[in-house]
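All remarks here apply to the structure that follows.
The values are calculated or read from the model by the stated rules, or taken from the named source; none is laboratory data. Values in this document were obtained by computation on a predicted structure and should not be read as measured data. Glycine also receives a Cβ, built like all others from the backbone with ideal geometry; neighbour counts cover every protein chain displayed.
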Amino acid sequence: MLDAMFPLVLKTLITAVLVVAVAEVAKRSSLLAGFLASLPLVSILALIWLYRDSGDVGRVASLASNIFWMVLPSLCLFLILPQLLRAGVGFYLSMLLSCAATAVAYLCTGVVISRLS
């Protein structure tokens, strides 16, 4: 049982370290933190974990394609959030509105992709 849980624990720890590292770097340099956060580290790790777990390059290719298409609606958050904050909207309301707009963009993207597939 422990052997089966080790990969899951390792994946969780690596992902958590990356998130904490970005948050800590942001305290010193938002530009460097932005660079680190923009790297597709989570996507790369997910692709590696999927390949190691399944060995199926077709599934890896499919995931990589879907990641590409789903990055586009995620950009809504990074366009809307700073605009709301600069307009004086509170942080939590700005985050909520940005996340809501991003969710709508994800839904629209999902509909478009499903119709094209």
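The table that follows gives values for the structure above.
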quantity	calculated
Among residues of the stretch 1-48, those that are among the small types (Gly, Ala, Ser), closer than 23 Å to residue 59 by Cβ and under 19 Å from the mean Cα position of the chain (by Cα), counted	2
Candidates 96, 41, 63 - the one that is over 30 Å from residue 7 (Cβ atoms) and of a type outside the set (Phe, Trp, Tyr)	96
Unique residue being within 25 Å of residue 41 (Cα to Cα) and out of contact with any Phe, Trp or Tyr (no Cβ under 6 Å at 6 or more places or on another chain) when the list is 87, 103	103
Condition met for residue 87 (out of contact with any helix residue (DSSP H, G or I) (no Cβ under 9 Å at 6 or more places or on another chain), over 21 Å from residue 16 (Cα atoms), at pLDDT 95 or above and exposed (fewer than 13 other Cβ atoms within 10 Å of the Cβ))	no
Candidates 94, 74, 62 - the one that is polar (S, T, N, Q), part of a helix (DSSP H, G or I), under 15 Å from the mean Cα position of the chain (by Cα) and surrounded by 12 or more Cβ atoms within 10 Å (Cβ to Cβ)	74
Where a residue in the stretch 95-117 is small (Gly, Ala, Ser) and its partner, wherever it lies, is modelled with pLDDT of 90 or more, with Cβ under 7 Å and at least six apart	98/77; 98/80; 98/81; 98/84; 101/76; 101/80; 105/73; 105/76
